Every structure is written in C-alpha cells, then in structure tokens.
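Visitor: If you scroll down you'll find the structure; I have some questions about it.
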Amino acid sequence: MIDGLLAIGVLAWGMLLGLMYFGGLWLTVRRLTDVKHQAIWVLGSLAIRNVLAVIGFFPVVKQGWQYALICLAGVITVRFILVRRILPVPR
C-alpha cells in the first residue's frame, strides 16, 4: 500500500534529483566551449551526475518499486519542464 504523504515526498525528491541531473547537464553543455579538455569535462560531469543520482535513488528503492516509479516520474517531469524552458520556441 502506498502512503500518500510519502508518495508526495518521493515525487518531490525525484524532481530535485531531476533538477540536479538535467541542470548539471545543461551547465556542462554551456561550459563546453570554455574548457580546454572537453572530453574530460563531459565524462567527469557524467560520472558525478550518475553517482549523485544513484545515491539519491537508493533510499527510495529501499521503500519499494512503487516509490521508485514515483521518483522516476518526478525526474522525467523535470526533464520535460526544463526542455520546454531551455529550447527556443519555433516561429
């Protein structure tokens, strides 16, 4: 059985993880032209973002697969929001 208050907290946690992950990706891409070693920058960012995401998902997964799906829904929601805000509007 899913507890409603816990589910809302897990959704918010997923949104925070998504903001960290995709926000970090956006910052990485924006800085790519300024750094000397782009491959190291991209791989380092990827490693840090993935490690933080796994660490953030771990306590949620321990609660059950339902909560992991709710957390993932939060991550995906933030992805859609950031894509809408970052991409230019077609004219």
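Visitor: Has region 80-88 got at least one residue that is more than 16 Å from the chain's Cα centre (by Cα), over 23 Å from G4 (Cα atoms) and without any contact (Cβ under 8 Å) to a residue 24 or more places away in the chain?
Guide: Residues of region 80-88 that are more than 16 Å from the chain's Cα centre (by Cα), as a first pass: 87-88.
Next, from what is left, pick out any that are over 23 Å from G4 (Cα atoms): 87-88.
Then keep just the ones that are without any contact (Cβ under 8 Å) to a residue 24 or more places away in the chain; that gives 87-88.
So far as region 80-88 goes, yes, one or more of its residues are more than 16 Å from the chain's Cα centre (by Cα), over 23 Å from G4 (Cα atoms) and without any contact (Cβ under 8 Å) to a residue 24 or more places away in the chain.
Visitor: Which number in (1) surrounded by 11 or more Cβ atoms within 10 Å (Cβ to Cβ); (2) under 21 Å from G9 (Cα atoms) marks the one condition that W65 misses?
Guide: Unmet for W65, out of (1) surrounded by 11 or more Cβ atoms within 10 Å (Cβ to Cβ); (2) under 21 Å from G9 (Cα atoms): (1).
Visitor: Ok, one more. Please specify each residue of region 1-15 satisfying the condition of being under 13 Å from the mean Cα position of the chain (by Cα) and exposed (fewer than 15 other Cβ atoms within 10 Å of the Cβ).
Guide: Answer for region 1-15, where residues must be under 13 Å from the mean Cα position of the chain (by Cα) and exposed (fewer than 15 other Cβ atoms within 10 Å of the Cβ): just A12.
Visitor: Considering (1) charged (D, E, K, R); (2) outside any helix (DSSP H, G or I); (3) within 16 Å of the chain's Cα centre (by Cα), say which one R49 fails and leave the rest.
Guide: Every listed condition holds for R49 apart from (2).
Visitor: Additional query: Using the structure shown, decide if G44 is exposed (fewer than 15 other Cβ atoms within 10 Å of the Cβ), part of a helix (DSSP H, G or I) and either free of Cβ contacts under 8 Å to residues at least 60 places away in the same chain or under 16 Å from the mean Cα position of the chain (by Cα) (or both).
Guide: On the way: exposed (fewer than 15 other Cβ atoms within 10 Å of the Cβ): yes; part of a helix (DSSP H, G or I): yes; either free of Cβ contacts under 8 Å to residues at least 60 places away in the same chain or under 16 Å from the mean Cα position of the chain (by Cα) (or both): yes.
In short, yes.
Since every read-out is calculated from the coordinates, none of them should be taken as a lab result. The model shown is predicted, which means the values in this text are computed figures rather than measured ones. Cβ: placed from backbone, ideal geometry, glycine included. Neighbour counts: every protein chain shown.
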